[in-house]
Amino acid sequence: MASMRSIKRRRDSITSTQQITKAMKLVSTVKLQRAKANAERSKAYFQCMYQTVTSLLSKTGEIRSPYLVEGKSEKKAIIVITGNRGLAGGYNSNVIKLVTRDEKFTKENVLIYAIGTKGADYFRSHGYQVAAEYSEVIEQPVYSDAMYICNELLKAFKEEEFGEIYLAYTAFKNTVSHIPTLLKLLPVNPDGVDTSDMSGQEAASDAKALMNFEQDEEEALEMLVPKYVSSLVYGAMVEAVASENGARMQAMDSATSNAEEMIEKLSLQYNRARQGSITQELTEIIAGADAIG
């Protein structure tokens, strides 16, 4: 059995750690409430933007636009949104696995655009090419940052540095449910329109109707697609922040509970060791008294 001193030292150490995890849980809870409100407030808009653009493009007929066809380059750009800090359970690793476990992505054909230090560090250390890092923007996402990132990517896309753009992030469903998501941004897939909210003849006739543009359809797409991509990236950043704080709150709550169990077990061991020590001292005193008598 371990000595009383070593048990007490370990119990004190775990108690100190528990105080830290409790504090981190409280901080994450406060941040989560604010991030959750932002995510829920903006979610409907970004879902509507995605459905509107895909629906619009499915009715345009044949339009010659670089946003609708794959570029000549076989490289693929992936915007990977992770956190700048750890201690959030599997939050960061789950997003990274979306890229590393997908067979269409290899170290040779992928360009990583990292939003978050954890993702950038992982891909850089494992031989992937990190084309750019925007770790500071995830601390407090704003639309202007998403627009700047997307303008950089769209410029490279037009110059055919890569032929496809993907977005890997964690979608926020609720406080305890966060879903790692991989979304293809460009080329836009017109067949991706969701008509599940329509019914019968209405859906069929609506799908056949062509979209008319005024003035020019290519000019309209040139204006619309950058806003579409920027909106999706900003929405992903907002949801990722909420998911990270939710994951960290759960991880710290679990760590606090585990620490409590360990403290109880160590307290029981300490009391048993203390009882054994007292019993041994009494036995020695009685034996000594008998010997003198």
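Structure values in brief
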quantity	calculated
Subset of the range 96-116 (residues that are part of a helix (DSSP H, G or I) and either at pLDDT 95 or above or over 19 Å from Val238 (Cβ atoms) (or both))	Ile96, Lys97, Val99, Thr100
Residue match in the range 147-158 (condition: crowded, with 21+ Cβ neighbours inside 10 Å, in contact with a strand residue (DSSP E or B) (Cβ under 8 Å, 6 or more places away or on another chain) and aromatic (Phe, Trp, Tyr))	yes
Subset of the range 119-131 that is buried (at least 22 other Cβ atoms within 10 Å of the Cβ) and part of a helix (DSSP H, G or I) - its residue that is nearest to the chain's Cα centre (by Cα)	Gly119
Unique match (being modelled with pLDDT under 90 and outside any helix (DSSP H, G or I)) among Gln269, Gln275, Gln215	Gln215
Residue in the range 198-206 that is at pLDDT below 90 and of a type in the set (D, E, K, R) present	yes
Selected residue [surrounded by 12 or more Cβ atoms within 10 Å (Cβ to Cβ) and farther than 25 Å from Ile79 by Cβ] from Ala259, Ala287	Ala259
Unique residue being surrounded by 21 or more Cβ atoms within 10 Å (Cβ to Cβ), over 29 Å from Met249 (Cα atoms) and in contact with a strand residue (DSSP E or B) (Cβ under 6 Å, 6 or more places away or on another chain) when the list is Val110, Val80	Val110
Pairs where the first residue, in the range 138-164, is within 27 Å of Lys107 (Cα to Cα) and the second is exposed (fewer than 13 other Cβ atoms within 10 Å of the Cβ), C-beta under 7 Å, 6+ apart	Glu160/Lys72; Gly163/Lys72; Gly163/Glu74
Ile138 being farther than 13 Å from Glu244 by Cβ, out of contact with any His (no Cβ under 6 Å at 6 or more places or on another chain) and hydrophobic (A, V, I, L, M, F, W, C)	no
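The values are calculated or read from the model by the stated rules, or taken from the named source; none is laboratory data. What you are looking at is a predicted structure, and each value in this text was computed from that prediction instead of being measured. Using ideal geometry, Cβ is built from the backbone for each residue, glycine included, and neighbour counts are taken over all protein chains shown.
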